[in-house]
């Protein structure tokens, strides 16, 4: 977490929900990173095309990571205002990435 | 999930026109939910996505590392099962996140996680198949 976040945008939620949510995103992105490195093991049987899911998931992960600090700020601000906008973009990017990765895997194993 | 503060039990009503176009078309009308519930729904979505990623990692690993353990047909079947489960769980995670967001805004009961029994059954079947293979297939 960026060290200036709590100072810049504090909140009075004793449940620490913004931090827990931010950490949940980080855990998920780290899991995505591990999964995309596993695809590297597919280079010997499938060739360099196996780099495609790696590049795809890394790009999606970086995109989501870039938006995380803004999401944290929105969460802390939203707690004060009693309204948080739903994270459509992040859900679509992350959910879509996992769906596309699964489809790539199914295609490679089933038809590759 | 924390209980909402009783003093904040009635969040402000937000007309659909106050939201952006995407939110209006996907979420419809209703009241803004407690922001803690929005965050809890977000974390639940992420937990499902991590579950999907675990299945995906399992499928990739079975295909990559078990060449000496399983026959090619069984390896492909196990890997495909795990990858299909990963896809189902990730699709379900997105749909469920949206359904819960809608239900919270319309003050309706939260939808049941439909995929839970399928996931349990699928995981149990894959595990049972592997146990059978390990006992009888290796002999």
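The values are calculated or read from the model by the stated rules, or taken from the named source; none is laboratory data. None of the values given here were measured: they were computed from a predicted structure. Cβ placement follows ideal geometry from the backbone for every residue including glycine, while neighbour counts extend to all protein chains displayed.
Looking across B:73, B:129, B:58, one residue alone is out of contact with any strand residue (DSSP E or B) (no Cβ under 9 Å at 6 or more places or on another chain), closer than 22 Å to residue A:103 by Cα, more than 10 Å from chain A (Cβ to nearest Cβ) and in a helix (DSSP H, G or I). It is B:73.
The requirement of being more than 8 Å from chain B (Cβ to nearest Cβ) and under 17 Å from the mean Cα position of the chain (by Cα) is satisfied by residue A:72. Residue under question is residue B:118, and the condition is that it be within 25 Å of residue A:31 (Cα to Cα) and modelled with pLDDT of 90 or more; does it hold? Spelling it out, it is not the case that residue B:118 is within 25 Å of residue A:31 (Cα to Cα) and modelled with pLDDT of 90 or more.
For region A:20-29, the set of residues classified as without any contact (Cβ under 8 Å) to a residue 24 or more places away in the chain and either at the interface with chain B (Cβ under 8 Å from one of its Cβ atoms) or more than 19 Å from residue A:61 (Cα to Cα) (or both) consists of A:20, A:24, A:27, listed by residue number. Any idea which residue in region A:83-95 is farthest from the other protein chains (Cβ to nearest Cβ), counting only those that are free of Cβ contacts under 8 Å to residues at least 24 places away in the same chain and in a helix (DSSP H, G or I)? The residue in question is A:89. Per the conditions (1) more than 12 Å from the chain's Cα centre (by Cα); (2) surrounded by fewer than 19 Cβ atoms within 10 Å (Cβ to Cβ); (3) in a helix (DSSP H, G or I), the sole criterion not satisfied by residue B:40 is (2).
The set of residues in region B:97-115 that are more than 30 Å from residue B:79 (Cα to Cα), part of a loop (DSSP other than H, G, I, E, B) and free of Cβ contacts under 8 Å to residues at least 60 places away in the same chain comprises B:108, B:109, B:110, B:111.
One line per residue, one yes/no per condition, for (1) free of Cβ contacts under 8 Å to residues at least 40 places away in the same chain; (2) closer than 21 Å to residue B:87 by Cβ; (3) at the interface with chain B (Cβ under 9 Å from one of its Cβ atoms); (4) in contact with a strand residue (DSSP E or B) (Cβ under 7 Å, 6 or more places away or on another chain):
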| site | (1), (2), (3), (4) |
| --- | --- |
| A:43 | yes, no, no, no |
| A:60 | yes, yes, no, no |
| A:66 | yes, no, no, no |
| A:76 | no, no, no, no |
| A:97 | no, yes, yes, no |
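Quick grid of which residues meet (1) without any contact (Cβ under 8 Å) to a residue 24 or more places away in the chain; (2) buried (at least 19 other Cβ atoms within 10 Å of the Cβ):
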position	(1), (2)
B:31	no, no
B:90	no, yes
B:95	yes, no
B:117	yes, no
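Checked against (1) surrounded by 14 or more Cβ atoms within 10 Å (Cβ to Cβ); (2) touching a residue at least 24 places away in the same chain (Cβ under 8 Å); (3) within 10 Å of chain B (Cβ to nearest Cβ); (4) assigned to a helix (DSSP H, G or I), residue A:80 passes all but a single condition, namely (1).
All conditions in (1) surrounded by 14 or more Cβ atoms within 10 Å (Cβ to Cβ); (2) at pLDDT below 90 hold for residue B:52, with the sole exception of (2).
Among the residues making up region A:83-95, those that are closer than 15 Å to residue B:31 by Cβ and buried (at least 21 other Cβ atoms within 10 Å of the Cβ) are A:84, A:86.
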